[in-house]
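A short worksheet on the structure shown next.
The values are calculated or read from the model by the stated rules, or taken from the named source; none is laboratory data. Please read all numbers here as calculations on a predicted model, not as lab measurements. Here the Cβ positions follow ideal geometry from the backbone for every residue, glycine too, while neighbour counts run over all protein chains shown. These accessible areas exclude ligands, DNA and RNA; they are computed on the full protein's heavy atoms, side chains included. Shrake-Rupley method; radii C 1.70, N 1.55, O 1.52, S 1.80 Å.
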Amino acid sequence: MGTPSAEAASASAPAPAAGVRLAPSFDGGAPARRVSPAPVAIRVEHVAQRYGDGPLVLDDVSLEVARGEFLCLLGASGCGKSTLLGLLAGLDAPTSGTVAIPAEGAAAMFQESALLPWLSARRNVELALKLRGVGRAERRTRALELLDLVNLADAAERRPHELSGGMRQRVALARALAQDRPVLLMDEPFAALDAITRDVLHDELERVWRATGRTIVFVTHNVREAARLGERVVLLGSRPGRVVREWRVARTHGRRIESPEVGALATEITEHLRREIRRNAA
Amino acid sequence: MPPETVPPAAVPAEPLSRVPLSPEPPLVDDHRRLEAGLDRLQTRAPARRSPLRRALATALPPVVFVVLLVVAWQAAVVLLDLSPDVLPSPAAVAGAVGAAWASGTLPAAVATSVGRAFVGYALALVVGTALGLLLAEVRPIRRAVGPVVSGLMVLPSVAWVPAATLWFGLSDALVTFVVLMGGVPSIALGLVAGVDQVPPQLRRVGRVLGAGRFRQSVDIVFPAALPGYLAGISQGWAFSWRGVLAAEIIAVGGSLGTGVGALLQQSREATDLAGVLGAILVILAIGIAVELALLAPVQRRVLRGRGLAPGGAS
C-alpha cells in the first residue's frame with residue numbers, strides 16, 4: 001500500500017459523483033465498517049447558517065459522527081468549517097436545521113490556546129475543573145494528572161508566557177480534557193505551530209484520543225494533517241459550505257505525517273479540494 | 001507501513017540496569033523524550049537577576065538624573081549670578097525645607113495633607129470601582145453616563161473648589177469632595193478600559209468552560225481587566241493628590257488645618273521664594289513616594305506575572 005503507483009492511480013481516477021462514500025483508492029477498497037455500529041454522538045441535519053442579510057455560510061449540511069470517532073473537517077477558507085464547529089460548541093444557533101450533541105456537552109480548543117495569562121498551567125486546568133464543580137482538594141491532583149498526560153508535569157507551575165506555543169496548546173488540551181465531556185471540538189489547534197512541533201502534537205493527540213475514547217471533531221485547512229489524524233475526513237465546499245465528499249481510513253494505527261499512505265490520501269483529497277476551489281473562480 | 005514499534009537498534013545502548021523499568025512501551029517513552037527535548041529547545045529559563053542588582057538598576061538612573069538637575073540648577077545660579085528672589089540656590093531651598101521641618105510646621109502640614117488625601121482616595125477607590133463596574137457591565141448606564149464621566153476627566157479639580165466651599169464651608173468635607181471628583185473618573189474609566197480590552201478569546205473560553213455570568217466576571221473578566229484597572233488607580237492617585245493641593249491652596253481658614261498647600265500659600269504671601277520652591281518639592285516628593293512605594297510595585301507584579309514588561313522590554 002501507499003506505493004507511488006497507487007498515488008498515480010488515485011490522481012488520475014475518474015471523478016466519482018459527489019456525495020458517494022468512498023474509501024481512498026489504496027486503502028483496501030471497501031469502506032471501513034465498524035464491527036458493531038457505534039452509537040451516534042453528534043448528528044447535524046440539514047443545517048443552514050446565515051448571519052443577518054449576509055450570504056449563506058452553510059448550506060444543507062448533514063453529518064453524523066459516531067461515538068469515539070476521530071473526524072476531520074477539511075475545507076478552504078470560507079467553507080464555514082469554523083462556523084460549523086461553533087454550532088457544535090453551542091456558541092451559536094443554526095439559522096435552520098438541527099444540531100444534536102451529547103447532553104453532557106462538548107469541550108473545545110482553538111487555534112490560540114486562550115490560556116488565562118495570570119494563572120499557571122496547573123491553575124488554568126484547575127479552572128476548568130472548578131467550573132465543572134470538582135472539589136478543591138481533588139482539583140489539584142486531577143490537574144496534575146492531566147498535565148502529566150500531555151507530558152507537562154514539570155511545567156505545571158509555569159505561567160503561559162513562560163511556555164512555548166506547543167506547550168501552551170498541550171495545556172489547552174489538558175484543560176479541554178478536564179472539562180470531561182464526551183466530545184472534543186478542535187478548531188485548527190495546531191495551525192500556528194512550527195512543523196516539527198505539529199508532528200509531535202499529532203502523535204500526542206492520537207495517543208490521548210486512544211487513551212480517553214473521546215469523540216473528536218477536528219477542523220483544519222491542512223490536508224496532510226487531516227489525512228494523518230482522521231478516521232474519517234469530510235471535505236466541505238466553499239461559499240456556501242456544504243459536504244462535498246468524505247473518506248474513511250481503515251488502518252489508523254501507526255500513521256505518521258511522512259507515511260506513504262498519508263501522502264497518498266492527501267494527494268487524493270487535494271485533487272478534490274482544488275477542484276472545489278476552481279469552481280469558485282468564475 | 002511505518003514500524004509499529006521502535007526496532008531494537010534505535011534504542012540507545014545503555015546498560016540494562018539503567019534502562020527504566022517503565023510499564024510504558026518504548027514508543028511512548030520515545031515520544032516523551034522527543035517532546036521534552038522540544039520543550040527545552042523552545043523555552044528559555046527566565047534570566048534571574050539578584051534583587052540588589054535589580055533595585056540598583058531601577059533606582060540609579062532617576063537618582064543620577066535628579067543629581068544632574070540639581071547640579072545644573074546650582075550652575076545656573078552661580079554662572080548667571082541670579083539673585084535669590086529670582087532663583088534661590090538648591091542649598092537655600094534645602095535650608096528652607098530643613099527649617100520648616102525643624103520648626104514642626106512642615107511635618108504637621110504633611111500629616112494633614114497626606115491624611116486628607118488618603119481618606120479622599122480611599123473613598124474615590126470605592127466609588128470609582130463601583131461606578132466602573134456599572135459602566136462596564138450595564139449597557140444603558142454606559143451609554144448614558146459614560147460620556148459624562150469621560151467629560152469629568154477634562155475638568156480640573158480646582159474648578160470644584162469654589163462650589164465645594166459654598167456647599168461644605170471651610171471643612172475637611174470640602175477637600176474630600178474635591179479629591180473624590182478628581183479621582184473617581186480616572187479609576188472608573190481605567191476599570192472600563194480594562195474590561196473593554198479583555199481579549200474576546202478569553203470570554204469565549206469562559207463560555208466554553210461553562211462559566212455563568214457571575215463566574216465569568218469573577219474568574220475571567222476582572223482578572224483580565226486588572227492591568228487597566230491598576231493604571232486607572234495609579235492615575236486616580238495623581239488626580240487625588242492634585243485635588244488636595246488645589247483645595248488647600250485656594251481654601252484657607254475655618255476648621256481647615258494647615259496643609260502643605262496652605263504652607264505654600266503662606267510662603268508666597270511672605271515672598272519667600274525658597275520656601276515656595278521647597279514646598280513644591282515636598283509636594284512632588286510625596287506624590288512620587290506614594291506612587292513608587294505603594295502603587296508601582298503592585299502594578300509591576302501584576303504585569304510581570306503576565307509576561308508583560310513594565311517600562312519597556314528589559
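Points to keep in mind about this one:
- Count Lys and Arg as plus one, Asp and Glu as minus one, and take only other residues whose Cβ is under 15 Å from that of B:Leu133; the net charge is then +1.
- Annotation: B:Arg142 carries an accessible surface of approximately 80 Å², with a 1.4 Å probe and no ligand, DNA or RNA atoms counted.
- As a calculated quantity, the FRET efficiency between A:Arg279 and A:Val40 at R0 = 41 Å, using C-beta atoms, amounts to about 0.85.
- Chain A, dipole about Cα centre (Lys/Arg Cβ +1, Asp/Glu Cβ -1), debye to the nearest 20: 400
- FRET efficiency, B:Leu308 to B:Ile280 (Cβ-Cβ, R0 41 Å, nearest 0.05): 0.75
- Label zone at A:Arg132 (point 7 Å along Cα-to-Cβ), backbone N below 12 Å, segment B:209-248: B:209-210
- Electrostatic bookkeeping for A:Phe110 treats Lys and Arg as +1 and Asp and Glu as -1; over the other residues with beta carbon under 15 Å from its beta carbon, the sum is +3.
- Angle between chain B longest axis and helix B:222-250 axis [Cα atoms, degrees, rounded to 10]: 10
- Measuring heavy-atom accessible area with a 1.4 angstrom probe and counting protein chains only, the residues of segment A:199-235 that give up at least 30 Å² relative to the chain alone are A:Val200, A:Arg207.
- Spin-label proximity, A:Arg140 to segment A:148-165 - amide N less than 17 Å from point 7 Å beyond Cα toward beta carbon: A:148, A:153-158
- Relative contact order [Cα under 8 Å, 6+ residues apart], chain A, whole percent: 29
- The relative contact order of chain B, computed from alpha carbon pairs under 8 Å that lie at least 6 residues apart in sequence, is 19 percent.
- Quick note on chain A: its Rg to Rh ratio, both from C-alpha atoms and Rh being the Kirkwood radius, is 0.98.
- For segment B:84-305, the dipole from Cβ point charges (+1 on Lys and Arg, -1 on Asp and Glu) about the Cα centre works out to 1280 debye, to the nearest 20.
- Cleavage-rule hits, trypsin sites (Lys or Arg not before Pro), segment A:157-255, DSSP coil, Cβ neighbours within 10 Å at most 16: A:Arg251
- Ordering of A:185-191, B:54-60, B:216-222, A:111-117 by burial proxy (mean other Cβ atoms within 10 Å per residue, highest first): A:185-191, A:111-117, B:216-222, B:54-60
- Rounded to 5, the percent of DSSP beta bridges in the protein assembly as shown classed as antiparallel: 45
- Considering only A:Ala174, A:Leu163, A:Leu127, the residue lying farthest towards the positive end of the dipole of segment A:115-180 is A:Leu127, judged by Cα position with unit charges set on Cβ.
- Chain B: angle of helix B:90-103 to the longest principal axis, Cα-based, in degrees nearest 10: 80
- Between B:Met153 and B:Ser255, the contour length at 0.36 nm per residue exceeds the alpha carbon distance by 33.8 nm.
- Taken across both chains, chains B and A shield about 3300 Å² of accessible surface from a 1.4 Å probe.
- B:Gln201/B:Ala91 FRET efficiency (R0 56 Å; Cβ-Cβ; nearest 0.05): 0.45
- Taking a Cβ cut-off of under 13 Å around B:Ile286, the surrounding Lys, Arg, Asp and Glu residues balance to a net charge of 0, with basic ones at +1 and acidic ones at -1.
- Simple spin-label estimate for A:Ala100 and B:Val66 gives 7.4 nm between the two label positions (7 Å along the Cα-to-Cβ direction from each Cα).
- Screening chain A for DSSP H helices whose Cα atoms reach 15 Å or more along their own axis and whose mean Kyte hydropathy is at least 0.0 gives A:165-178.
- Degrees, to the nearest 10: B:105-137 long Cα axis against longest axis of chain B: 50
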